[in-house]
Amino acid sequence: MNDQRTMVDAFSEIAAKYEQVVDGELQKFWGWSYDGFIENLINLTSITPNDRILDIASGTAVIPLKLAERGKTGGKIVGLDITYAMLARGKQKIEKCGQQNLISLVCGDALALPFCNGMFDLIICGLATHHLNVNVLLNEIERLLRPGGRLAIADVGGAAAWRLPLVSNMIRTATFFYFLPREGLARARIESAALSNVLTPEEWHGRLSTRKFKSIQVTELPKSHAWAPAPLVMLAEKIAVEGII
(Lines give C-alpha, C1' and ligand atoms only; values in the text may rest on other atoms or scores of the structure.)
Protein backbone atom coordinates (compact mmCIF):
# COMPACT_ATOMS: atom_id res chain seq x y z
CA MET A 1 0.00 0.00 0.00
CA ASN A 2 1.56 3.32 -1.06
CA ASP A 3 1.64 6.43 1.11
CA GLN A 4 -1.02 8.28 -0.89
CA ARG A 5 -3.44 5.36 -0.69
CA THR A 6 -2.83 5.04 3.04
CA MET A 7 -3.55 8.75 3.51
CA VAL A 8 -6.81 8.53 1.57
CA ASP A 9 -7.85 5.48 3.62
CA ALA A 10 -6.98 7.20 6.90
CA PHE A 11 -8.95 10.35 6.23
CA SER A 12 -11.85 8.52 4.59
CA GLU A 13 -12.29 6.63 7.84
CA ILE A 14 -12.59 9.81 9.91
CA ALA A 15 -14.37 12.06 7.37
CA ALA A 16 -17.71 11.97 9.22
CA LYS A 17 -16.09 13.09 12.49
CA TYR A 18 -13.09 15.00 11.16
CA GLU A 19 -13.75 18.33 12.90
CA GLN A 20 -14.29 16.62 16.27
CA VAL A 21 -11.14 14.49 15.90
CA VAL A 22 -8.92 17.45 15.02
CA ASP A 23 -10.48 19.61 17.72
CA GLY A 24 -9.69 16.96 20.33
CA GLU A 25 -6.10 16.61 19.13
CA LEU A 26 -5.43 20.35 19.08
CA GLN A 27 -7.00 20.81 22.51
CA LYS A 28 -4.88 18.00 23.94
CA PHE A 29 -1.50 19.01 22.51
CA TRP A 30 -1.73 22.79 22.05
CA GLY A 31 -4.71 24.02 24.04
CA TRP A 32 -6.28 25.39 20.84
CA SER A 33 -9.77 24.61 19.61
CA TYR A 34 -9.89 23.75 15.91
CA ASP A 35 -12.20 26.69 15.28
CA GLY A 36 -9.91 29.02 17.21
CA PHE A 37 -6.83 27.79 15.34
CA ILE A 38 -8.45 28.44 11.94
CA GLU A 39 -9.76 31.83 13.12
CA ASN A 40 -6.23 32.76 14.15
CA LEU A 41 -4.78 31.71 10.78
CA ILE A 42 -7.36 33.81 8.95
CA ASN A 43 -6.78 36.79 11.25
CA LEU A 44 -3.04 36.68 10.46
CA THR A 45 -3.63 36.41 6.71
CA SER A 46 -3.98 39.42 4.41
CA ILE A 47 -7.23 38.90 2.48
CA THR A 48 -8.90 41.30 0.06
CA PRO A 49 -12.55 41.09 -1.08
CA ASN A 50 -11.90 39.91 -4.63
CA ASP A 51 -9.02 37.51 -3.96
CA ARG A 52 -9.06 34.24 -5.86
CA ILE A 53 -8.21 31.79 -3.08
CA LEU A 54 -7.01 28.19 -3.12
CA ASP A 55 -7.27 26.18 0.09
CA ILE A 56 -4.92 23.18 -0.19
CA ALA A 57 -5.89 20.03 1.73
CA SER A 58 -9.28 21.60 2.32
CA GLY A 59 -10.77 18.49 3.91
CA THR A 60 -14.38 19.19 4.89
CA ALA A 61 -14.13 22.81 3.65
CA VAL A 62 -13.61 24.32 7.10
CA ILE A 63 -11.43 27.20 5.85
CA PRO A 64 -13.56 28.13 2.78
CA LEU A 65 -16.70 28.19 4.93
CA LYS A 66 -14.95 30.24 7.60
CA LEU A 67 -13.96 32.78 4.94
CA ALA A 68 -17.56 32.95 3.75
CA GLU A 69 -18.76 33.32 7.33
CA ARG A 70 -16.36 36.20 7.80
CA GLY A 71 -18.05 38.04 4.92
CA LYS A 72 -16.00 37.20 1.82
CA THR A 73 -18.38 37.43 -1.14
CA GLY A 74 -16.14 38.41 -4.09
CA GLY A 75 -13.58 36.37 -5.98
CA LYS A 76 -13.73 32.60 -5.85
CA ILE A 77 -12.64 30.07 -3.22
CA VAL A 78 -11.43 26.67 -4.37
CA GLY A 79 -10.92 23.87 -1.87
CA LEU A 80 -8.70 20.98 -2.99
CA ASP A 81 -8.24 17.66 -1.23
CA ILE A 82 -7.13 14.19 -2.25
CA THR A 83 -9.80 12.44 -0.16
CA TYR A 84 -13.20 12.31 -1.84
CA ALA A 85 -15.01 11.35 1.37
CA MET A 86 -13.81 14.53 3.06
CA LEU A 87 -14.90 16.67 0.12
CA ALA A 88 -18.30 14.96 0.02
CA ARG A 89 -18.89 16.04 3.60
CA GLY A 90 -17.61 19.52 2.76
CA LYS A 91 -20.02 19.73 -0.19
CA GLN A 92 -22.95 18.94 2.10
CA LYS A 93 -21.92 21.76 4.45
CA ILE A 94 -21.47 24.22 1.57
CA GLU A 95 -24.93 23.42 0.18
CA LYS A 96 -26.48 23.73 3.63
CA CYS A 97 -24.98 27.22 3.93
CA GLY A 98 -25.94 28.17 0.38
CA GLN A 99 -22.36 28.98 -0.64
CA GLN A 100 -22.18 26.96 -3.88
CA ASN A 101 -21.60 30.10 -5.99
CA LEU A 102 -18.63 31.20 -3.90
CA ILE A 103 -16.94 27.88 -3.04
CA SER A 104 -16.03 25.01 -5.35
CA LEU A 105 -14.30 21.77 -4.39
CA VAL A 106 -11.77 19.76 -6.42
CA CYS A 107 -10.48 16.27 -5.71
CA GLY A 108 -6.78 16.30 -6.56
CA ASP A 109 -3.17 15.93 -5.49
CA ALA A 110 -1.56 18.87 -3.65
CA LEU A 111 1.78 17.93 -5.24
CA ALA A 112 0.44 18.13 -8.80
CA LEU A 113 -2.16 20.87 -8.61
CA PRO A 114 -4.56 20.90 -11.60
CA PHE A 115 -4.63 24.68 -12.12
CA CYS A 116 -3.06 27.24 -14.48
CA ASN A 117 0.06 29.24 -13.61
CA GLY A 118 -0.62 32.47 -11.74
CA MET A 119 -4.29 31.62 -11.18
CA PHE A 120 -4.58 32.58 -7.49
CA ASP A 121 -4.09 35.68 -5.37
CA LEU A 122 -3.86 33.75 -2.10
CA ILE A 123 -3.08 30.13 -1.25
CA ILE A 124 -3.81 28.74 2.21
CA CYS A 125 -2.80 25.38 3.67
CA GLY A 126 -3.80 24.49 7.22
CA LEU A 127 -2.53 21.48 9.16
CA ALA A 128 -1.43 19.48 6.14
CA THR A 129 2.19 20.12 5.16
CA HIS A 130 3.47 17.41 7.52
CA HIS A 131 1.80 14.91 5.19
CA LEU A 132 3.39 16.36 2.05
CA ASN A 133 6.75 16.79 0.37
CA VAL A 134 7.26 20.44 1.31
CA ASN A 135 9.70 21.23 -1.52
CA VAL A 136 7.30 19.96 -4.17
CA LEU A 137 4.37 21.71 -2.50
CA LEU A 138 6.18 25.07 -2.39
CA ASN A 139 7.13 24.71 -6.05
CA GLU A 140 3.45 24.22 -6.90
CA ILE A 141 2.35 27.14 -4.71
CA GLU A 142 4.95 29.39 -6.33
CA ARG A 143 3.71 28.34 -9.77
CA LEU A 144 0.05 29.01 -9.03
CA LEU A 145 0.40 32.36 -7.27
CA ARG A 146 0.29 35.49 -9.38
CA PRO A 147 3.20 37.92 -8.88
CA GLY A 148 2.44 39.70 -5.63
CA GLY A 149 0.20 36.84 -4.46
CA ARG A 150 0.38 35.58 -0.89
CA LEU A 151 0.64 32.29 0.93
CA ALA A 152 -0.46 31.36 4.44
CA ILE A 153 0.54 28.01 5.94
CA ALA A 154 -0.14 26.72 9.44
CA ASP A 155 1.14 23.43 10.81
CA VAL A 156 3.19 21.69 13.46
CA GLY A 157 6.82 22.77 13.75
CA GLY A 158 9.81 20.64 14.62
CA ALA A 159 13.13 20.97 16.41
CA ALA A 160 16.64 20.38 15.11
CA ALA A 161 17.09 17.52 17.59
CA TRP A 162 14.37 15.57 15.80
CA ARG A 163 16.85 14.89 13.00
CA LEU A 164 18.94 12.73 15.33
CA PRO A 165 18.25 9.06 14.48
CA LEU A 166 17.55 7.98 18.06
CA VAL A 167 15.19 10.89 18.73
CA SER A 168 13.48 10.47 15.37
CA ASN A 169 12.87 6.75 15.93
CA MET A 170 11.48 7.40 19.41
CA ILE A 171 9.04 10.03 18.11
CA ARG A 172 7.91 7.83 15.21
CA THR A 173 7.29 4.87 17.53
CA ALA A 174 5.44 6.96 20.11
CA THR A 175 3.31 8.58 17.41
CA PHE A 176 2.41 5.23 15.85
CA PHE A 177 1.28 3.71 19.13
CA TYR A 178 -0.60 6.85 20.14
CA PHE A 179 -2.76 6.83 17.01
CA LEU A 180 -3.12 3.07 16.51
CA PRO A 181 -5.72 2.37 19.24
CA ARG A 182 -7.49 5.70 18.70
CA GLU A 183 -7.75 6.05 14.93
CA GLY A 184 -6.59 2.75 13.45
CA LEU A 185 -3.66 1.45 11.43
CA ALA A 186 -3.88 3.79 8.43
CA ARG A 187 -3.86 6.95 10.56
CA ALA A 188 -1.05 5.57 12.75
CA ARG A 189 1.05 4.89 9.65
CA ILE A 190 0.64 8.31 8.05
CA GLU A 191 1.18 10.25 11.28
CA SER A 192 4.34 8.34 12.22
CA ALA A 193 5.68 8.73 8.67
CA ALA A 194 4.97 12.48 8.71
CA LEU A 195 7.99 13.35 10.85
CA SER A 196 10.23 13.67 7.79
CA ASN A 197 8.10 16.58 6.56
CA VAL A 198 7.98 18.53 9.84
CA LEU A 199 10.26 21.58 9.56
CA THR A 200 11.81 23.92 12.10
CA PRO A 201 11.08 27.67 11.84
CA GLU A 202 14.57 28.17 10.38
CA GLU A 203 13.97 25.49 7.74
CA TRP A 204 10.67 27.07 6.73
CA HIS A 205 12.31 30.47 6.37
CA GLY A 206 15.15 28.98 4.34
CA ARG A 207 12.91 27.09 1.94
CA LEU A 208 10.75 30.14 1.30
CA SER A 209 13.69 32.52 0.88
CA THR A 210 15.33 30.33 -1.76
CA ARG A 211 12.20 30.68 -3.90
CA LYS A 212 10.45 33.78 -5.24
CA PHE A 213 9.06 34.90 -1.90
CA LYS A 214 9.59 38.01 0.20
CA SER A 215 8.12 39.48 3.40
CA ILE A 216 8.56 36.06 4.99
CA GLN A 217 7.20 35.68 8.50
CA VAL A 218 7.43 32.49 10.54
CA THR A 219 5.50 32.83 13.80
CA GLU A 220 5.45 30.33 16.65
CA LEU A 221 2.03 30.28 18.28
CA PRO A 222 1.46 29.68 22.00
CA LYS A 223 0.86 26.13 23.21
CA SER A 224 -0.40 24.67 26.47
CA HIS A 225 2.39 22.11 27.05
CA ALA A 226 6.13 22.79 26.99
CA TRP A 227 6.84 19.26 25.70
CA ALA A 228 4.50 19.55 22.70
CA PRO A 229 5.81 20.55 19.25
CA ALA A 230 5.00 24.17 18.50
CA PRO A 231 2.32 25.30 16.06
CA LEU A 232 3.74 27.57 13.35
CA VAL A 233 2.24 30.04 10.89
CA MET A 234 4.18 30.93 7.73
CA LEU A 235 3.26 34.01 5.71
CA ALA A 236 4.96 35.25 2.55
CA GLU A 237 4.41 37.18 -0.65
CA LYS A 238 5.49 36.12 -4.12
CA ILE A 239 7.96 38.56 -5.62
CA ALA A 240 6.44 40.57 -8.46
CA VAL A 241 8.45 40.04 -11.65
CA GLU A 242 9.22 43.25 -13.48
CA GLY A 243 7.01 43.71 -16.52
CA ILE A 244 4.34 41.25 -15.31
CA ILE A 245 1.10 42.52 -13.79
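The values are calculated or read from the model by the stated rules, or taken from the named source; none is laboratory data. No experiment lies behind these values; they were computed from the predicted model shown. Note that each Cβ is placed from the backbone with ideal geometry, even for glycine, and that neighbours are counted across all protein chains shown.
Note on the stretch 23-36: residues that are surrounded by fewer than 20 Cβ atoms within 10 Å (Cβ to Cβ) and either in contact with a His (Cβ under 9 Å, 6 or more places away or on another chain) or not acidic (Asp, Glu) (or both) amount to 7. Condition (residue is surrounded by 14 or more Cβ atoms within 10 Å (Cβ to Cβ), of a type in the set (Phe, Trp, Tyr) and modelled with pLDDT of 95 or more) applied to the stretch 147-167: is it met by at least one residue? No, the conditions are met nowhere in the stretch 147-167. All but one of (1) of a type outside the set (Asp, Glu); (2) touching a Cys at 6+ places or on another chain (Cβ under 7 Å); (3) at pLDDT below 95 hold for residue 5; which doesn't? In the conditions (1) of a type outside the set (Asp, Glu); (2) touching a Cys at 6+ places or on another chain (Cβ under 7 Å); (3) at pLDDT below 95, residue 5 misses (2) alone.
Residue-by-condition table, conditions (1) at positive phi; (2) touching a strand residue (DSSP E or B) at 6+ places or on another chain (Cβ under 8 Å); (3) free of Cβ contacts under 8 Å to residues at least 60 places away in the same chain:
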position	(1), (2), (3)
3	no, no, no
6	no, no, no
9	no, no, no
16	no, no, no
20	no, no, yes
58	no, yes, yes
67	no, yes, yes
93	no, no, yes
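Among the residues of the stretch 178-203, those that are within 21 Å of residue 140 (Cα to Cα) and in contact with a Ser or Thr (Cβ under 9 Å, 6 or more places away or on another chain) comprise 194, 196, 197, 198, 199, 201. Out of all the residues in the stretch 199-221, is one or more closer than 26 Å to residue 9 by Cβ and either modelled with pLDDT of 95 or more or among the aliphatic types (A, V, I, L, M) (or both)? Yes, some residue in the stretch 199-221 is closer than 26 Å to residue 9 by Cβ and either modelled with pLDDT of 95 or more or among the aliphatic types (A, V, I, L, M) (or both).
Between residues in the stretch 105-132 that are in contact (Cβ under 8 Å) with a residue 12 or more places away in the chain and more than 13 Å from residue 58 (Cα to Cα) and residues that are part of a loop (DSSP other than H, G, I, E, B) and of a type in the set (Val, Ile, Thr), which pairs lie under 7 Å by C-beta distance while being six or more apart or on different chains? The qualifying pairs are 122/47; 130/198. Of everything in the stretch 236-245 that's outside any loop (DSSP other than H, G, I, E, B) and out of contact with any Asp or Glu (no Cβ under 8 Å at 6 or more places or on another chain), which residue is nearest to residue 7 (Cα to Cα)? So the residue we want is 236. Counting only helices (runs of 4 or more DSSP H) that sit wholly inside the stretch 116-213, those with at least 3 residues that are in contact with a strand residue (DSSP E or B) (Cβ under 9 Å, 6 or more places away or on another chain) are 134-144, 201-209.
Looking only at residues in the stretch 214-235 that are touching a residue at least 24 places away in the same chain (Cβ under 8 Å) and in a loop (DSSP other than H, G, I, E, B), the one that is surrounded by the most Cβ atoms within 10 Å (Cβ to Cβ) is 229.
Scanning the stretch 1-42 for residues that are in contact with a helix residue (DSSP H, G or I) (Cβ under 9 Å, 6 or more places away or on another chain) and part of a loop (DSSP other than H, G, I, E, B) yields 1, 30, 32, 33.
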